[in-house]
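One structure, as structure tokens, below. Some questions next.
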Amino acid sequence: MHLIIRASGAGAGMLSHLLAKNPNNLYDRTEKDARVRIVFISSSEEETEAVIYVTPDPVELVKGDSQAHNDITQYINDREFVTSSLFCTYIRGALGTALNGKPKEAYVPWVKEPLQLELSFGPVASNLPDRTVEELFTALGYEVSIERGDAEYSFDLKTRSSARYIRLNGRQTLQTALQQLFVLIPALDDYKHYYISDDEVDKIRRYGAGWLEQHPQRGLILRRTLRFAGAIRQYEEAAAKELRSAAEMPASASAAEVPVPGVSNGPAEEELKEPRVRLNDLRYAAIARTVEELAAKASIVDFGSGEGKLSARLSTVPGVREIKAVEPSAASQLRALDRFAKLEGRAGTVMPEPVTGSLFYFDESLRGKDVMILCEVIEHIEEYRLDRVMDNILREYSPKTLIVTTPNKDYNAVYGMEEEQIRHNDHRFEWGREAFSAWCGRWARNYGYTAELTGIGELSEAFGYPTQMAVFKKGEHL
Amino acid sequence: MTDIKEAQRTIPFPHGGIVVLVGPSNSGKTTLLGRLAAEGVLLETEIVSSDAYRIMVGDVEFLDWKGRPREEADIIYHDYQQLSNLAFEAMNTVVSMRSRLGRLTVVDATHLQPEYRRKYIDLAAACDVPCVAWVLDIPEQTLLARDKDREQPRGRARVKSQYSQFKRSMRGLREEGFDFVYMLKEPEAVQFVRRENPLLADIGAGIDVIGDIHGCYDEMLELLGELGYAADESGLYRHPEGRTLVSVGDVMSRGPKSLDTISFWKRHCDAGIARMTDSNHGWKIARYLSGRNVTLSHGDEKFAEELGRYAQKNGIDAAAALKEELRQFLLAAPSHLVMCRDGVRRLVVTHAGIRDEYIGRQSRRIQDFCRYGDTDGTDRTGAPVRREWYTGHESGELIVWGHDPRPYPEVVNNTINIDQGAVFGGSLTAYRYPEQQFVSVKAQRDYALDPDSPLIRWERGRLSPPNLSRLVNGYSVFTDAYGELSVRGDYVKAAIDSVSHFTVPLEELVYIPPTMSPTPAVSADEAYLEHPQEAFDYFRSQGVTTMVAEKKHMGSRAVLLLFRDEQAAVSYVGRPTLGTIYTRTGRAFFDRETELQVLARLNADLVQADYFNKYNTELLLLDAEIIPWNLKARELIATQYAHVAEAAELDREQLLHKLQQAEAAGRDVSGWVQEMEAKLHNARVFREAFQQYCWDVSGLDGVRIAPFHTLAHSGQSFFDHSHVWHMEHAGLLAGISPLFMETEYRVISSQADEADVIRWWEDITEDGHEGIVIKPDRFISRNGKHMIQPAIKVRGRKYLHIIYGIDYLQPDNLKRLKQRKTGKKERHALMECALSVESVNRFIRREPLDRVHECVLAALALESDPVDPRL
């Protein structure tokens, strides 16, 4: 990880003074288990070039990183090489004078003087496309060139290297240039090495002063540097306050609108090939309505309850006394717990009980319940495994009512999908109306249930409803 | 059982239990016991006497109130009563303790009142030991005469009163519940003998325990042949080494040749070369033969039909004689047998079960338990549920039992079920001890034709989903290799999530490859982190003399479960399939299309080579490495290894260039330049290192599967085969299909071999190969009681760059890396190895899914427990 600063033209000789380094000496310090070194390649009035590079201790680097602990690749770690927030932390001390604009008295006037600078740094590990990377810097008046590493391998692996090297050219004061890098290098990088603290928000405000507020990619930069909604909100509030006191304008309410990356794409979330959000709500409503109309509905089992949305929805249905939200994923269950906690103490609401389990196991405590629900569950199971699952449900659990929903493959045409396309990567199958109806009929016959088929969502004359729903009821004669 | 006999010449002692003497003072109880002790028939410690306990508790044997004024007599009498009561209390405590240990105790007291005798009957019943009464019936005159000669005469009135009390209480004595009552009129003329415990027998030259035969006479003879028994001139089947045949009972009923079978056992038991235990069918038939009013069902009616045919053929008299013989034989069958070596109980044979405290004893309760097992519970339909009595077995003997058929011998908690349902078309099993081997013979057909037979029920329920509540909060698994091991709820939940979302179906997940530890000690050589020498040292220190070194392929671990044909899979995994190929975490190795191609190709090649017929197997289970590495790990290689290589090279190239410029500009950076040159070299070595393991494949071309363990065929796992066998078998497989490849290996049994393997390791790892794995020649090896590492990996110096980082060999890095700790990794390796062996054995024995799955889930749970991933 390194940064090369080259100043040329008028004032180039000031670079070493602004950095407060004697160009004839080598700088070699240890900063937090990393060796930080600076060497000047040239130092004339026309051109001065300083190389700043860091060699972290690869063994220390991964210590105490509990999240990475279980990952064999932790020692094969690009943190040792790429420019990241870690790099900024290591070199902050060495570049402190320049960053803060506090050189010796004699050079203070040069702090505000733009220089012709070439800033080269890398390698950069970023998931941002080249275009976005360029935009980040062209917006600040730099010319940008991007190089990539060598991606030639003895076998077919990748078309281009994921290691990039960035070279910027432009007129800028050294202080501003460095401050911009101290904000944008972490923003480029895919990973942050420390928790986002109040200091961090403060630092972004200080380093970003004078350019960040007007940056067209401001939102992106904040999301990638601060990462957490709370910190972003904090930043926004501070910014708004400043604005208010400066222009006496009313506060904007936009703070809460900032999207929170990294939280919205949980594993249970479906891909948005269909108008998913609305259909989900419609499904929950349809199931809730079906349950409401049942005579026996005191005990409910919601199989594959995920983050607990359906269970929470059913918790207010009158007559329901017990909801078991069965889910194998601990991550989903945690979110469900948060959701359920909000229901606590509300009148007429049953607290759903999260249960670890899945359709591939037998759980005595789920036997003989009034209602069992498989909402968008069966299509995630290999078709050949379904028989055993259904035997388990209808023979062993034997609920009074079983509600099953699943996508209607026929309807995919309405979404303009190809015949073989499926709505979600994890769907092991999708059935048309005929297939689902035949399947329901077979299971109803096998175990003495009646099966009633309906649909959920917007009806298409030709293709039916987007979601199919079957309500199995245990035969009265049994 | 009450059987009253007149005094006779010889009276046997029970080997354990309570003998209650009954007789007034002066009837000669103490004299008789003194004689027996002197003759060595009884031990002094086996005799407890109320007189002795009165002395022990109160210093005197008797308090005499004769001739005292009434007021005084009352007080002395009261004192005597109190002394007597406390003396009895102390004595009975000792009797109770001795009975609990199954010892013989003879109680010397008058026992004139039924309520005193009742105490011992109850006590004996509670301890499952017999209670016997010896009644000394001596004329009153003799009693009176003897009293006069006593040191402390009891007095005429008292003797007379005791005598009449004795006579009175004799009337009901026979109905009080003693197992035996002996009347002794002239004790001095009687011989007493000590009986050995009839349940105990010596293992001698070895024993062969045969499971439930149920009239499958032909299969029985076939099995005896396999065991090496042959008929002598009198038609008795003898083993050349003089081994003993033992039956767990239920030799008759249900099957075709009950009479032949039971007659066989009677003759062999009579000849002293066989033993047979009591059993539920045996007891039922015994009662039927005794003329009791019993309803014959569950195949017992077939026995009666055979008897009927016998009578028609041989006449009523012959039939009656046979019935009587068989009746006596069945009634005499012991509830269970305890086979000893050097006087120590080693093996218990029982029909349906036993509790630890019943072993070596006899009582009605024990007989019932041994016949029927623990029948306390009933299921929903009211049918009795057999409770798992064997879970409570702790006393260390190996218990062999039958009664409850299962498809393969079930070894649980030091108990072995050997009823494999021969009569239901299963097989007849023999268990050889001390060899601890199973020998079995398939039934010629299903004789019972019961559509709801235990084997059919077993098969029906075998693949039902595992019971979650038993697992989800943590549980333990008993493994043969490691004993009991426990997994925590958190980790189990993570594993359940994985199984519910990502793995191949539970039914097909039968083996999780165990993790493997590197050398417990790092290399003593400064230039190495790992070196074969430390692996040799480890195994030598654990007493291993022969090792095998196998080349470790750098690919992706895979388990291959391959079936003879699609139909063969149904009974094992519940669906027709040619097989499954999955990763070490249980996920499908290939996408579905590729998997089908690979399976089809392997199947075609194996069938072509007649593999399944040649080995008489329905399946082949392999543990293998599939190469190239990029086949499975392409994404990981691209985003991690290659990415890091590119970043390192880019960084170091740029810096080297700039430092060279600085040097040219006169800066004193030659040291930095050299350092950067070395580092750039490291980065390039790293980049080269992982490319060694990758190449392009097109379709199946270039895909190679290197099996290194042939885990199992149907009915047999190969954990007991040496690693040389496994390597040779892999070579054989490589000759069968071009998809398979052989693995290079060396056998190590000398110092020279070690040096040779080190050279080999150096050569191949310098070439870029991953390294070698060193194993003791056996799968499961022990040092004393402790299981030792089943394998140690020694990775190459170059390869370790991709594990420990580009610059790991820099001396200060290496020095710190050498502080690694392998303890947890080793522990996990042992536990996972035990679990993987256990799960395969259970799968092969066709045990229920939840029995296999508990092992697999535990192994997955252990994998969720974080261990330094570089090890």
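The values are calculated or read from the model by the stated rules, or taken from the named source; none is laboratory data. Values in this document were obtained by computation on a predicted structure and should not be read as measured data. Here Cβ is always computed from backbone atoms with ideal geometry, including for glycine, and neighbour counts include all displayed protein chains.
What about B:LEU871, is it within 11 Å of chain A (Cβ to nearest Cβ), at pLDDT below 95 and surrounded by fewer than 22 Cβ atoms within 10 Å (Cβ to Cβ)?
Yes.
Taking region A:14-29 as the search range and keeping residues that are crowded, with 18+ Cβ neighbours inside 10 Å and away from every other protein chain (no Cβ under 12 Å), which one is nearest to the chain's Cα centre (by Cα)?
Filtering first and then ranking leaves A:LEU19.
Is there any pair linking a residue in region B:782-811 that is without any contact (Cβ under 8 Å) to a residue 12 or more places away in the chain to one that is of a type in the set (Val, Ile, Thr) and surrounded by fewer than 22 Cβ atoms within 10 Å (Cβ to Cβ), with Cβ under 7 Å and at least six apart or on different chains, and which?
B:ARG782/B:ILE788
Name the residues in region B:485-516 that are small (Gly, Ala, Ser) and either in contact with a Phe, Trp or Tyr (Cβ under 8 Å, 6 or more places away or on another chain) or surrounded by fewer than 23 Cβ atoms within 10 Å (Cβ to Cβ) (or both), would you?
Listed by number, the residues that qualify are B:SER486, B:GLY489, B:ALA494, B:SER498, B:SER500.
Out of all the residues in region B:64-73, is one or more without any contact (Cβ under 8 Å) to a residue 60 or more places away in the chain, surrounded by 15 or more Cβ atoms within 10 Å (Cβ to Cβ) and closer than 24 Å to B:SER161 by Cα?
Taking every residue of region B:64-73 in turn, at least one turns out to be without any contact (Cβ under 8 Å) to a residue 60 or more places away in the chain, surrounded by 15 or more Cβ atoms within 10 Å (Cβ to Cβ) and closer than 24 Å to B:SER161 by Cα.
If only one of A:LEU374, A:LEU386 is buried (at least 22 other Cβ atoms within 10 Å of the Cβ), out of contact with any His (no Cβ under 9 Å at 6 or more places or on another chain), modelled with pLDDT of 90 or more and not in a loop (DSSP other than H, G, I, E, B), which one is it?
Among A:LEU374, A:LEU386, only A:LEU374 is buried (at least 22 other Cβ atoms within 10 Å of the Cβ), out of contact with any His (no Cβ under 9 Å at 6 or more places or on another chain), modelled with pLDDT of 90 or more and not in a loop (DSSP other than H, G, I, E, B).
Hey, another quick one. Only residues that are more than 8 Å from chain B (Cβ to nearest Cβ), free of Cβ contacts under 8 Å to residues at least 60 places away in the same chain and among the basic types (Lys, Arg): list them for region A:359-399, please.
A:ARG367, A:ARG395
Do you know which residues across region A:30-73 are within 7 Å of chain B (Cβ to nearest Cβ) and at pLDDT below 90?
Residues satisfying the conditions are A:PRO58, A:VAL59, A:HIS69, A:ASN70, A:ASP71, A:ILE72, A:THR73.
Output the number of residues of region B:498-513 satisfying the condition of being more than 10 Å from chain A (Cβ to nearest Cβ) and of a type in the set (D, E, K, R).
1
Which number in (1) surrounded by fewer than 23 Cβ atoms within 10 Å (Cβ to Cβ); (2) touching a strand residue (DSSP E or B) at 6+ places or on another chain (Cβ under 7 Å); (3) within 14 Å of chain B (Cβ to nearest Cβ) marks the one condition that A:ALA331 misses?
If we test A:ALA331 against (1) surrounded by fewer than 23 Cβ atoms within 10 Å (Cβ to Cβ); (2) touching a strand residue (DSSP E or B) at 6+ places or on another chain (Cβ under 7 Å); (3) within 14 Å of chain B (Cβ to nearest Cβ), just (2) comes out false.
Another one. Taking B:TYR641 as meeting all but one of (1) more than 10 Å from chain A (Cβ to nearest Cβ); (2) among the hydroxyl-bearing types (Ser, Thr, Tyr); (3) surrounded by 16 or more Cβ atoms within 10 Å (Cβ to Cβ), write down the number of the exception.
Condition not satisfied by B:TYR641: (1).
To continue, here is another question. Against the definition (at pLDDT 90 or above, within 25 Å of A:GLU293 (Cβ to Cβ) and more than 14 Å from chain B (Cβ to nearest Cβ)), how does A:GLY348 come out, yes or no?
For A:GLY348, the condition - at pLDDT 90 or above, within 25 Å of A:GLU293 (Cβ to Cβ) and more than 14 Å from chain B (Cβ to nearest Cβ) - is not met.
Go through the residues of region B:821-831 one by one and say whether even a single one is within 11 Å of another protein chain (Cβ to nearest Cβ) and either touching a Lys or Arg at 6+ places or on another chain (Cβ under 6 Å) or of a type outside the set (Gly, Ala, Ser) (or both).
no
May I ask you to list the residues in region A:351-364 that are assigned to a loop (DSSP other than H, G, I, E, B) and in contact with a Lys or Arg (Cβ under 6 Å, 6 or more places away or on another chain)?
Scanning region A:351-364 gives a single hit, A:THR356.
Same structure, new question: Tell me, which strands (runs of 3 or more DSSP E) wholly within region B:137-221 include 2 or more residues that are surrounded by fewer than 16 Cβ atoms within 10 Å (Cβ to Cβ)?
Per the criteria, B:191-194, B:200-202.
Here's the yes/no breakdown for (1) under 27 Å from B:ARG797 (Cβ atoms); (2) more than 11 Å from chain A (Cβ to nearest Cβ); (3) of a type outside the set (Phe, Trp, Tyr):
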site	(1), (2), (3)
B:ASN613	no, yes, yes
B:TRP629	yes, no, no
B:GLN654	no, no, yes
B:GLN661	no, no, yes
B:ALA683	yes, no, yes
B:ARG704	yes, yes, yes
B:PHE708	yes, yes, no
B:LEU711	no, yes, yes
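Right, here's the next one. Does region B:663-673 contain at least one residue that is among the hydroxyl-bearing types (Ser, Thr, Tyr), more than 7 Å from chain A (Cβ to nearest Cβ), in contact with a helix residue (DSSP H, G or I) (Cβ under 7 Å, 6 or more places away or on another chain) and touching a residue at least 40 places away in the same chain (Cβ under 8 Å)?
No, the conditions are met nowhere in region B:663-673.
If a residue must be touching a strand residue (DSSP E or B) at 6+ places or on another chain (Cβ under 6 Å) and within 16 Å of B:MET276 (Cβ to Cβ), how many such residues does region B:228-242 contain?
Within region B:228-242, residues that are touching a strand residue (DSSP E or B) at 6+ places or on another chain (Cβ under 6 Å) and within 16 Å of B:MET276 (Cβ to Cβ) number 2.
Let me ask something else. Kindly indicate whether any position in region B:632-649 is without any contact (Cβ under 8 Å) to a residue 24 or more places away in the chain, of a type in the set (Gly, Ala, Ser), assigned to a loop (DSSP other than H, G, I, E, B) and out of contact with any helix residue (DSSP H, G or I) (no Cβ under 6 Å at 6 or more places or on another chain).
No: region B:632-649 contains no residue that is without any contact (Cβ under 8 Å) to a residue 24 or more places away in the chain, of a type in the set (Gly, Ala, Ser), assigned to a loop (DSSP other than H, G, I, E, B) and out of contact with any helix residue (DSSP H, G or I) (no Cβ under 6 Å at 6 or more places or on another chain).
Just name the residue that is farthest from the other protein chains (Cβ to nearest Cβ) out of those in region A:313-328 that are under 18 Å from A:LYS369 (Cα atoms) and not in a loop (DSSP other than H, G, I, E, B).
A:LEU314
For region B:753-792, how many residues are more than 14 Å from chain A (Cβ to nearest Cβ), within 41 Å of the chain's Cα centre (by Cα) and of a type in the set (D, E, K, R)?
Total meeting the criteria: 7.
Residue by residue, here is whether (1) part of a strand (DSSP E or B); (2) surrounded by 14 or more Cβ atoms within 10 Å (Cβ to Cβ); (3) without any contact (Cβ under 8 Å) to a residue 24 or more places away in the chain; (4) within 14 Å of chain B (Cβ to nearest Cβ) holds:
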| position | (1), (2), (3), (4) |
| --- | --- |
| A:ASN127 | no, no, no, yes |
| A:TYR153 | no, yes, yes, yes |
| A:ASP156 | no, no, yes, yes |
| A:THR159 | no, no, yes, yes |
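Going through region B:428-441 one residue at a time, which ones are touching a residue at least 40 places away in the same chain (Cβ under 8 Å) and out of contact with any helix residue (DSSP H, G or I) (no Cβ under 6 Å at 6 or more places or on another chain)?
Hits for region B:428-441 are B:THR429, B:TYR431, B:ARG432, B:TYR433, B:PRO434, B:GLU435, B:SER440.
Considering only region B:21-55, state which residues are of a type in the set (D, E, K, R), over 17 Å from B:GLU140 (Cα atoms) and buried (at least 22 other Cβ atoms within 10 Å of the Cβ).
B:ARG54
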